[in-house]
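Everything below concerns the one structure shown next.
The values are calculated or read from the model by the stated rules, or taken from the named source; none is laboratory data. Here the structure is a predicted model, which is why all the values come from computation and not from measurement. Positions of Cβ are backbone-derived with ideal geometry, glycine not excepted, and every protein chain shown enters the neighbour counts.
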Amino acid sequence: MATMTSPDERLERLHRMVDADPSDAFCLYGLGQEYARRDRLDEAIAWYDRCLAVDPEQSYAYFHKARALEQAGRVADAIATLRSGLDRARRSGDSHAAGEIAGYLDSLTP
């Protein structure tokens, strides 16, 4: 039977993995997710930014970065992030992500 890891253990493991490979977009995204779960929004946004710098095709990093920005009261920045993510998702042919991003964008814009 697999053992469950604590949130702190997940965070530590992700940091070790990024230390070993700073260009691992999946781990960078994972760090963004872990910090967002802890409501450490500025840190989450910074990790999503690092993820997108390494791999701008990570469509869900745009989505979750926008969510963190919205939670931080930065709605205009969230909208700009979603627009960028929507453009990227469409160009890469990720119609599922494009649909989710577009839906979120619609909910934030009048």
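For this structure, a couple of remarks:
- Residue that is farthest from E57 (Cα to Cα) [pool: residues in the range 89-110 that are among the charged types (D, E, K, R) and more than 14 Å from the chain's Cα centre (by Cα)]: D106
- Whenever a residue of the range 33-56 is over 16 Å from T81 (Cβ atoms) and of a type in the set (A, V, I, L, M, F, W, C), its partners that are crowded, with 21+ Cβ neighbours inside 10 Å and modelled with pLDDT of 95 or more, lying with C-beta atoms within less than 9 angstrom and at least six residues away or across chains, give the pairs V54/L28.
- Restricting the range 79-92 to residues that are surrounded by fewer than 21 Cβ atoms within 10 Å (Cβ to Cβ) and among the polar types (S, T, N, Q), the residue that is nearest to Y48 (Cα to Cα): S84
- The range 1-25: number of residues that are in a helix (DSSP H, G or I) and crowded, with 16+ Cβ neighbours inside 10 Å: 6
- Output for the range 1-56, where each listed residue is hydroxyl-bearing (S, T, Y) and either at pLDDT below 95 or more than 11 Å from the chain's Cα centre (by Cα) (or both): T3, T5, S6, S23
- Residues that are surrounded by fewer than 17 Cβ atoms within 10 Å (Cβ to Cβ) and hydrophobic (A, V, I, L, M, F, W, C) were ranked within the range 55-78; the one that is farthest from Y104 (Cα to Cα) is A72.
- Cβ-Cβ contacts under 8 Å between residues 6 or more apart (or on different chains), taken from a first residue in the range 74-96 that is closer than 18 Å to A44 by Cβ and modelled with pLDDT of 95 or more to a second residue that is assigned to a helix (DSSP H, G or I) and of a type in the set (F, W, Y), are listed as T81/Y62; L82/Y62; L82/F63; L82/Y104; S84/Y62; G85/Y62; G85/F63.
- Some residue of the range 63-72 being on the phi > 0 side of the Ramachandran plot and either modelled with pLDDT of 95 or more or over 12 Å from the mean Cα position of the chain (by Cα) (or both): no
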